[in-house]
Amino acid sequence: MSDSLISSSKSTLRKALLAHRQDLKIMDRQQAETKMADGLKGLLASMPWRRLAVFLPWRGEPDLSQTWQLLRARGYSLALPACLADRQTMQMRAWRLNQALEDDALGLQAPASNAEQAVCDAWFVPCLGVGPQGERLGAGMGFYDRAIAALEPEQRPFTLGICFQEGLVNTPFAQAHDLLLDACLTEAGIRFFNRPGIA
């Protein structure tokens, strides 16, 4: 399939998944988020990660804020994404306890510009959809793709996409610039991609 056809298909898919996500009933959403939190805690118990890039919910993304607070209480170092004024660049900034947040260039809550840039063992990446090869469908602005591509090889984190089960897509849609995730977490559990040694 040509890039133009894939782009058109992704745009249609993005709209459909966003509409579905925003239409989720509160009870269904909360139950799904609880299952995601349990799955994430189980995964972390088996991994050596201590520095985690997390996210705050936007446009109906799963809200795991209570889990982030629990992880911080357990000694994990957390970071949040911040989009810069060029509206192209995203960096992970250390998120300290009781640290005030401010709006970034997109109006999303992030640590202040003087916060330390964080190198993380794993990035927990919000997704609208995830394809069968670990393709990530996000908001379409490419921030995560560019940010991870810009990292030095030794800084490459494990990437865990987080989305609702409805976002799992059976048809491949990856383009050359797309981030391929290492794994995906939904309320139904965790699926691993690209790293057969981890399962």
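The values are calculated or read from the model by the stated rules, or taken from the named source; none is laboratory data. Fair warning: this is a prediction, and the values are worked out from it, not measured in the lab. Virtual Cβ from ideal backbone geometry, glycine too; neighbours counted across all protein chains shown.
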Taking region 183-196 and keeping only residues that are part of a loop (DSSP other than H, G, I, E, B), surrounded by fewer than 20 Cβ atoms within 10 Å (Cβ to Cβ) and either touching a Cys at 6+ places or on another chain (Cβ under 8 Å) or at pLDDT 95 or above (or both), one is left with A188, F193
Filter region 16-28 for residues that are part of a helix (DSSP H, G or I) and surrounded by 12 or more Cβ atoms within 10 Å (Cβ to Cβ); the one that is modelled with the highest pLDDT is D28
Contact list, first residue from region 68-82 and at positive phi, second anywhere and surrounded by 13 or more Cβ atoms within 10 Å (Cβ to Cβ) and modelled with pLDDT of 95 or more, beta-carbon distance below 7 Å, six or more apart or interchain, is none
Scanning region 31-58 residue by residue, those of a type in the set (S, T, Y) and either surrounded by 13 or more Cβ atoms within 10 Å (Cβ to Cβ) or farther than 23 Å from V119 by Cα (or both) turn out to be T34
Of the listed residues (Q117, Q133), the one being among the polar types (S, T, N, Q) and more than 17 Å from the chain's Cα centre (by Cα) is Q117
Scanning region 67-114 for residues that are under 23 Å from E152 (Cβ atoms) and basic (K, R) gives R93
Contact list, first residue from region 7-30 and in contact (Cβ under 8 Å) with a residue 12 or more places away in the chain, second anywhere and of a type in the set (K, R), beta-carbon distance below 8 Å, six or more apart or interchain, is L18/R59; R21/R59; Q22/R59
Residues of region 39-67 being touching a residue at least 40 places away in the same chain (Cβ under 8 Å) and among the hydroxyl-bearing types (S, T, Y), in sequence order, are none
| task | Would you check if A19 is within 24 Å of G107 (Cβ to Cβ) and aliphatic (A, V, I, L, M)? | result | yes
Taking region 129-179 and keeping residues touching a strand residue (DSSP E or B) at 6+ places or on another chain (Cβ under 7 Å), closer than 14 Å to L13 by Cα and outside any loop (DSSP other than H, G, I, E, B) leaves G129, V130, E135, R136, L137, G167, L168
The correct count of residues that are under 20 Å from V119 (Cα atoms) and surrounded by fewer than 17 Cβ atoms within 10 Å (Cβ to Cβ) in region 78-101 is 7
Residue set F124, F158, F143; condition aromatic (F, W, Y), more than 20 Å from P48 (Cβ to Cβ) and surrounded by 16 or more Cβ atoms within 10 Å (Cβ to Cβ); output residue F143
